[in-house]
Amino acid sequence: MLNQNTHVRLPEKAIPLLRFLEEHGPKTQRELIEALNLPTRTVRYSIRRLLERGLIMKVPNLKDMRSVFYHISPEVADVEVIIAEEKRISQNL
């Protein structure tokens, strides 16, 4: 369920992660780290915030149960609208 909790602002690096998932489909944390060339810590934090907002979901990796796939939540109609809203909020602060 999409959670528009305004108390949880997205970190700057969550935006490219969200766009990447929209363009490339479900990925593991390791795949996101490698593809985006971001530190592990940054990707973990961004994933946590995106999960809290309900913008992404995690699904078990049936080939390797030690990992999960992250993908855009079905409730997210348009990632660009969410990104534009985040930018608008940031500019108003």
Query raised in the report: Quick one: is residue 33 assigned to a helix (DSSP H, G or I), open to solvent by less than 30 Å² (accessible area, probe 1.4 Å), of a type outside the set (Gly, Ala, Ser) and in contact (Cβ under 8 Å) with a residue 24 or more places away in the chain?
Result: no
Query raised in the report: Could you say whether any residue in the stretch 38-46 is at pLDDT below 95 and either in contact with a strand residue (DSSP E or B) (Cβ under 6 Å, 6 or more places away or on another chain) or part of a helix (DSSP H, G or I) (or both)?
Result: no
Query raised in the report: How do the pairs read when you match residues in the stretch 80-93 that are within 13 Å of residue 12 (Cα to Cα) with residues anywhere that are at pLDDT below 85, using Cβ under 8 Å and keeping only pairs 6 or more apart or on different chains?
Result: 86/9; 89/6; 89/9; 90/9
Query raised in the report: Filtering the stretch 16-30 down to residues that are more than 13 Å from residue 79 (Cβ to Cβ) and part of a helix (DSSP H, G or I), which residue is most open to solvent (accessible area, probe 1.4 Å)?
Result: 30
Report summary line: Filtering the stretch 47-64 down to residues that are part of a loop (DSSP other than H, G, I, E, B) and within 10 Å of the chain's Cα centre (by Cα) yields 54, 55
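The values are calculated or read from the model by the stated rules, or taken from the named source; none is laboratory data. Remember, it's a predicted structure, so these values are computed and weren't measured experimentally. Using ideal geometry, Cβ is built from the backbone for each residue, glycine included, and neighbour counts are taken over all protein chains shown. Keep in mind that these areas ignore ligands, DNA and RNA; they rest on the heavy atoms of the full protein, side chains included. Shrake-Rupley method; radii C 1.70, N 1.55, O 1.52, S 1.80 Å.
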